[in-house]
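The values are calculated or read from the model by the stated rules, or taken from the named source; none is laboratory data. Everything numeric in this text was worked out from a predicted model, so none of it was measured. With ideal geometry, Cβ positions are generated from the backbone for all residues, glycine too; neighbour counts draw on all protein chains shown.
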Ligand SMILES: [Zn+2]
């Protein structure tokens, strides 16, 4: 499932063609959203003010005071294209926002609603969300205080970092990457940790999430990602796997940008870039968590 940075990137792409523009046409799939389809005429001609995100939810703000709420969950996909062109896909079109020149098309999503200000405030999902992990106003001290609050301090970091009520926009890969970057044991609980450790966790939470947004999902530090990428290119050029030099990180085994994106996520059995210990994978509530048992042992 896309996490905060991917949802924000999608919002940026949609915002680039819709923000400030008048909706020349709008479509809701009448089979799935018959109530929304009745609003199409009324919404046509309204301006799109901006596209906001809160965690994994997208909020398309319209000039008439309404907001289109959408959540892609597992299957939803946005596509942006020139007006009149549709992508070649078997997916079902659920929402289309057309200007005279462009279209933003949402496929396969099952969570789309039209809300006014009161509806936004009372919304069962939005009203329970914690702060957005990419909110520029969010600072590490606020994150530290949140971790130390009575509501959250006795829960494991592994549980907190996929709980949208704790922190909106964090999911499977951000959880693994943030806890590794902060050198936190996944089962440590905030109430067991010194304030300095929670400060470090707060800083790394923002660093990793913001880096992922800037780099299209690369959470490794830029220098390490560049070295790993160079190894992949060298291996492809020579047609064989390269052996890493002394002090260099082990050659990545994963394909494509997966080979340099992550420190621990989806790297089960591969050596940790920091210490060489094989990365471990555990499943918690059906969701995978990856960690280095050596680097992240300090809090246990
Ligand atoms: Zn390690």
Go over the candidates 93, 105 one by one and state the one that is at pLDDT 95 or above, outside the structural domain of residue 188 (by TED's automatic domain parsing), farther than 30 Å from residue 211 by Cα and surrounded by 16 or more Cβ atoms within 10 Å (Cβ to Cβ).
93
Name the residues in segment 256-277 that are in contact (Cβ under 8 Å) with a residue 24 or more places away in the chain and within 18 Å of residue 208 (Cβ to Cβ), would you?
257, 260, 261, 262, 263, 264, 265, 266, 273
Can you list residue pairs whose Cβ atoms sit under 8 Å apart, with the first residue in segment 62-77 being not assigned by TED's automatic domain parsing to the domain that holds residue 14 and the second being modelled with pLDDT of 95 or more and surrounded by fewer than 16 Cβ atoms within 10 Å (Cβ to Cβ)? Count only pairs 6 or more apart in sequence or on different chains.
none
With the requirement that a residue be more than 17 Å from residue 56 (Cα to Cα) and either in contact with a helix residue (DSSP H, G or I) (Cβ under 9 Å, 6 or more places away or on another chain) or crowded, with 22+ Cβ neighbours inside 10 Å (or both), what does segment 157-184 give you?
157, 158, 176, 177, 178, 179, 180, 181, 182, 183, 184
Among the residues of segment 48-61, count how many are more than 16 Å from residue 123 (Cα to Cα) and in contact with a helix residue (DSSP H, G or I) (Cβ under 9 Å, 6 or more places away or on another chain).
3
Among the residues of segment 259-288 satisfying the criterion of being surrounded by 15 or more Cβ atoms within 10 Å (Cβ to Cβ) and more than 15 Å from the ligand (Cβ to nearest atom), which is modelled with the lowest pLDDT?
259
What number of residues within segment 289-300 satisfy the criterion of being surrounded by 18 or more Cβ atoms within 10 Å (Cβ to Cβ) and in a loop (DSSP other than H, G, I, E, B)?
4
All but one of (1) assigned to a strand (DSSP E or B); (2) within 22 Å of the chain's Cα centre (by Cα) hold for residue 12, so report the exception by its number.
(1)
